[in-house]
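J.: Dumping the structure here so I can ask a few things about it.
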Amino acid sequence: MSSTAGQVIKCKAAVAWGPGKPLVIEEVEVAPPQKMEVRLKILYTSLCHTDLYFWEAKAQDSVFPRILGHEASGIVESVGEGVTELGPGDHVLPVFTGECKECAHCKSEESNMCSLLRINTERGVMINDGKSRFSINGKPIYHFVGTSTFSEYTVVHVGCVAKINPLAPLDKVCVLSCGISTGLGATLNVAKPTKGSSVAIFGLGAVGLAAAEGARLAGASRIIGVDLNSGRFEEAKKFGVNEFVNPKDYEKPVQEVIAEMSDGGVDRSVECTGNINAMISAFECVHDGWGTAVLVGVPHKDAVFKTHPMNVLNERTLKGTFFGNYKPRSHLPSVVQMYMNKELELEKFITHQVSFAEINKAFELMLRGEGLRCIIKMD
């Protein structure tokens, strides 16, 4: 066991004290892991739009003070009671959703929505005892989606930790613990395009480009990128996108434009924006008889999906996905292996890197819509 096992660790963390306020690097105390928990030393973390969304806290209640961050890589420092499959020194990816391996979802081959550990954005404490493992001067600092990776050390439920190949570069594979796996899996595991097929990708941010990467890996011949920002089209070519549509360039609905381009509709579509109109367009642009649309983006809480029932009766399929249908512990190691085998290219997703002290710069880049993923180096 490590020399710090069982002891409180003092370290630096970037604390969000309130909605939209710049994060402040503070010294925090991180308690030892309790039953079925592990304490991780975070080496690299990256900023995902979900962190920004809950930091801004415009559309939902958010808990403060809190340590955000959920896309990361690190090493196990120590483990709590009952943890047998992880040990100090293991290389891992913490994940915002989990796999207890015991509930009906975990036992199902079709689902990855663990009953015990699926994402909970409102809970700021550990499920074991309802307490936070972070504090400053005895006052609790709250967790975020069970990961809180904007801290040099964090405590995570064992079911939310994927053990990976120790040879994998942690500064690259950290992006697999959220957005990239979400988009990639939406295409490979849910849409399942066949070789030579056509795929439309709605939204060309990091998740959408990961979905395009999945279509490229599957051998799709036409990958149509749909985005309101034409400036994203050049970058998207690196991910296999070979045709582009900006809905603003047409007077007719974009689903009609795509149907005309593709002789009645594309074989598959993947929606990665969360915009309800894009969701409807993604469904209505697939071919009758065999077309499948997959929804990835999270819509506004009051959004309503409306389409004519004939669109379904004419044998179009609508599917949803969560984290690309990957079970974190069972499946993420093989996604890392895809990178190690040079099938999956991660470098092209990483457009910026900053030091931990410059973490607010990562937020500024995302607010300006610059780049895809910004890696934050912890030491």
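The values are calculated or read from the model by the stated rules, or taken from the named source; none is laboratory data. Treat the numbers as computed from the prediction; the structure is a model and nothing was measured. Neighbour counts are summed over all protein chains in view; Cβ atoms, including those assigned to glycine, are modelled from backbone coordinates with ideal geometry. These area figures cover heavy atoms from the full protein model, side chains too; ligands, DNA and RNA do not enter into them. Shrake-Rupley method; radii C 1.70, N 1.55, O 1.52, S 1.80 Å.
J.: Got a number for residues in region 92-104 being open to solvent by 40 Å² or more (accessible area, probe 1.4 Å) and free of Cβ contacts under 8 Å to residues at least 60 places away in the same chain? If you could, list the steps in order and put the result at the bottom.
T.: Filtering region 92-104 down to residues open to solvent by 40 Å² or more (accessible area, probe 1.4 Å) leaves 101-102, 104.
Okay, now just the ones that are also free of Cβ contacts under 8 Å to residues at least 60 places away in the same chain, so 102, 104.
Number satisfying all stated conditions: 2.
J.: Residue under question is Ser73, and the condition is that it be open to solvent by less than 10 Å² (accessible area, probe 1.4 Å) and over 26 Å from Val296 (Cβ atoms); does it hold?
T.: So Ser73 does not fit the description; no.
J.: Scan Met126, Met113 and give me the residue that is at pLDDT 95 or above, in a loop (DSSP other than H, G, I, E, B), touching a strand residue (DSSP E or B) at 6+ places or on another chain (Cβ under 9 Å) and hydrophobic (A, V, I, L, M, F, W, C). Steps first, answer last, please.
T.: On the way: Met113 fails: touching a strand residue (DSSP E or B) at 6+ places or on another chain (Cβ under 9 Å).
Residue meeting the stated conditions: Met126.
J.: Of the residues Gly89, Gly20, only one is of a type outside the set (Phe, Trp, Tyr), in contact with a helix residue (DSSP H, G or I) (Cβ under 6 Å, 6 or more places away or on another chain) and surrounded by fewer than 18 Cβ atoms within 10 Å (Cβ to Cβ); which?
T.: Details: Gly89 fails: in contact with a helix residue (DSSP H, G or I) (Cβ under 6 Å, 6 or more places away or on another chain).
The conditions single out Gly20.
J.: Specify the residue that is nearest to Phe322 (Cα to Cα); the eligible residues are those in region 172-196 that are within 16 Å of the chain's Cα centre (by Cα) and open to solvent by 40 Å² or more (accessible area, probe 1.4 Å).
T.: If we take residues in region 172-196 being within 16 Å of the chain's Cα centre (by Cα) and open to solvent by 40 Å² or more (accessible area, probe 1.4 Å), then Asn189 is nearest to Phe322 (Cα to Cα).
J.: So, Ser78, is that one of a type in the set (S, T, N, Q), buried (at least 17 other Cβ atoms within 10 Å of the Cβ), outside any loop (DSSP other than H, G, I, E, B) and in contact with a Cys (Cβ under 9 Å, 6 or more places away or on another chain) or not?
T.: Numbers: of a type in the set (S, T, N, Q): yes; buried (at least 17 other Cβ atoms within 10 Å of the Cβ): yes; outside any loop (DSSP other than H, G, I, E, B): yes; in contact with a Cys (Cβ under 9 Å, 6 or more places away or on another chain): no.
For Ser78, the condition - of a type in the set (S, T, N, Q), buried (at least 17 other Cβ atoms within 10 Å of the Cβ), outside any loop (DSSP other than H, G, I, E, B) and in contact with a Cys (Cβ under 9 Å, 6 or more places away or on another chain) - is not met.
J.: State all residues of region 180-204 that are touching a Leu at 6+ places or on another chain (Cβ under 9 Å) and either in a helix (DSSP H, G or I) or at pLDDT below 95 (or both); if no residue qualifies, say none.
T.: Answer for region 180-204, where residues must be touching a Leu at 6+ places or on another chain (Cβ under 9 Å) and either in a helix (DSSP H, G or I) or at pLDDT below 95 (or both): Ile180, Ser181, Gly183, Leu184, Ala186, Thr187, Leu188.
J.: Could you list, in sequence order, the residues of region 336-374 that are under 17 Å from the mean Cα position of the chain (by Cα) and open to solvent by 60 Å² or more (accessible area, probe 1.4 Å)?
T.: Glu345, Glu347
J.: Here is a list of conditions, (1) touching a Leu at 6+ places or on another chain (Cβ under 8 Å); (2) closer than 29 Å to Asn112 by Cα; (3) among the hydrophobic types (A, V, I, L, M, F, W, C), and Val304 meets all of them except one; can you say which number that is?
T.: (1)
J.: Next question. Scan Thr84, Thr50, Thr4 and give me the residue that is within 16 Å of Ser148 (Cα to Cα), out of contact with any His (no Cβ under 6 Å at 6 or more places or on another chain) and β-branched (Val, Ile, Thr). Reasoning before the result, please.
T.: Details: Thr84 fails: within 16 Å of Ser148 (Cα to Cα); Thr4 fails: within 16 Å of Ser148 (Cα to Cα).
When all the criteria are applied, what remains is Thr50.
J.: Here is a follow-up. Please verify whether region 127-140 includes one or more residues that are open to solvent by less than 10 Å² (accessible area, probe 1.4 Å) and either within 19 Å of the chain's Cα centre (by Cα) or over 27 Å from Ile359 (Cα atoms) (or both).
T.: no
J.: Follow-up question, since we're still on this one. Could you please tell me which pairs satisfy a Cβ distance under 8 Å, a separation of 6+ or placement on different chains, a first residue in region 237-266 that is farther than 20 Å from Thr307 by Cβ, and a second residue that is in a loop (DSSP other than H, G, I, E, B) and open to solvent by 60 Å² or more (accessible area, probe 1.4 Å)?
T.: Taking only residues 6 or more apart or on different chains, the pairs are Asn246/Leu228; Asn246/Asn229; Lys248/Leu228.
J.: Going through region 320-335 one residue at a time, which ones are in contact with a helix residue (DSSP H, G or I) (Cβ under 6 Å, 6 or more places away or on another chain), of a type in the set (Ser, Thr, Tyr) and open to solvent by 20 Å² or more (accessible area, probe 1.4 Å)? Spell out how you get there, then give the answer.
T.: So the first thing to find is which residues in region 320-335 are in contact with a helix residue (DSSP H, G or I) (Cβ under 6 Å, 6 or more places away or on another chain), and the list is 321, 323-326, 335.
Adding the requirement that they be of a type in the set (Ser, Thr, Tyr) leaves 321, 326.
Within region 320-335, just Thr321 meets the criteria.
J.: While we're on this one: What is the number of the single condition among (1) more than 30 Å from Val190 (Cα to Cα); (2) open to solvent by 30 Å² or more (accessible area, probe 1.4 Å); (3) touching a residue at least 60 places away in the same chain (Cβ under 8 Å); (4) over 20 Å from the mean Cα position of the chain (by Cα) that Val83 does not meet?
T.: Every condition holds for Val83 apart from (2).
J.: Report yes if some residue within region 295-311 is of a type in the set (D, E, K, R), touching a helix residue (DSSP H, G or I) at 6+ places or on another chain (Cβ under 7 Å) and surrounded by fewer than 22 Cβ atoms within 10 Å (Cβ to Cβ); otherwise report no.
T.: Filtering region 295-311 down to residues of a type in the set (D, E, K, R) leaves 301-302, 306.
From what's left, touching a helix residue (DSSP H, G or I) at 6+ places or on another chain (Cβ under 7 Å): 306.
Adding the requirement that they be surrounded by fewer than 22 Cβ atoms within 10 Å (Cβ to Cβ) leaves 306.
Yes, some residue in region 295-311 is of a type in the set (D, E, K, R), touching a helix residue (DSSP H, G or I) at 6+ places or on another chain (Cβ under 7 Å) and surrounded by fewer than 22 Cβ atoms within 10 Å (Cβ to Cβ).
J.: Then there is this: Quickly run through region 270-291 and pick out the residues that are over 26 Å from Ser181 (Cβ atoms) and in a loop (DSSP other than H, G, I, E, B).
T.: Selection gives His287, Asp288, Gly289, Trp290.
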